[in-house]
Amino acid sequence: MKRICLRLLALGQISLVAALATAAEQPKHLHPVRQNSAPEIGAAAVPFELKTLDGKSVDLTTFRGKPLVMNFFASWCDPCREEMPLINDLATKAPANGYSVLAVAVEDSRSALTQYAKESKLIFPIALDLNSTVKRSYRISGPPATFFIEREGIIRDIIVGPLTPERASTALTHAGIRR
């Protein structure tokens with residue numbers, strides 16, 4: 001019995017070695033690809049292309065050479081509504097301080113966004129991510145979330161949840177923006 005177990009064990013080891021060798025010989029494109037991880041501080045911002053509420057095309061390269069404050073929001077989101085005066089204030093100060101502000105609307109409708117932007121007197125461009133492609137690329141479970149991206153396209157700070165004036169000030173500094 002002991003001899004049979006040793007033979008089976010040896011056959012199992014040979015099978016394992018053969019399986020590993022076969023897997024190593026397969027082209028890399030046949031191996032499962034690891035899913036991209038969430039964007040993180042120090043990593044390049046994920047490229048995207050969207051249309052704004054006024055119909056213009058916008059992508060990450062639109063802002064290359066200038067730091068960018070990119071805020072994911074929805075008109076129905078109470079924390080988003082609470083932080084929107086601060087985002088609007090950042091947008092007011094952006095031209096004088098050499099940065100841009102972009103809102104990315106997620107899980108919302110064009111009509112609700114149009115009404116909300118008008119009521120709130122929003123002064124920054126609003127990109128429509130109506131099918132949540134960009135939201136998924138940035139691994140956001142829901143709004144609000146704000147990414148501070150420096151002039152070369154590197155993420156320097158991420159705030160998931162409502163933005164506060166203190167946290168915005170720190171994040172702007174991380175992105176190389178002097179206020």
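Straightening the chain between residue 123 and residue 64 buys 19.2 nm, computed as 0.36 nm per residue apart minus the Cα-Cα spacing. Compared with the direct C-alpha span, the chain from residue 152 to residue 81 gains 22.6 nm at full extension, assuming 0.36 nm per residue. The mean sequence separation of alpha-carbon pairs under 8 Å and at least six residues apart, normalised by the residue count of the stretch 49-174, gives a relative contact order of 33 percent. Couplings for the stretch 85-90, taken from phi via the Karplus curve 6.51 cos²θ - 1.76 cosθ + 1.60 with θ = phi - 60°, read x, 5, 4, 5, 5, 4 Hz in order; Gly and Pro are left as x. Put a dot 7 Å past the Cα of residue 43, heading toward its Cβ, do the same for residue 114, and the two dots end up 3.6 nm apart. Here the Karplus relation 6.51 cos²θ - 1.76 cosθ + 1.60, evaluated at θ = phi - 60°, turns the backbone of the stretch 122-137 into coupling constants of 6, 10, 10, x, 10, 8, 9, 9, 5, 9, 6, 5, 5, 4, 5, 4 Hz, with x for every Gly and Pro. Across the alpha-carbon atoms of the stretch 49-174, the computed radius of gyration and Dmax are 13.1, 35 angstrom.
Any read-out appearing in this document is the output of simple, stated calculations on the displayed coordinates, not a laboratory observation. This structure is a prediction, so every number in the text was calculated from the model and none was measured. So basically every Cβ, Gly included, is an ideal-geometry build from the backbone, and we count neighbours across all protein chains shown.
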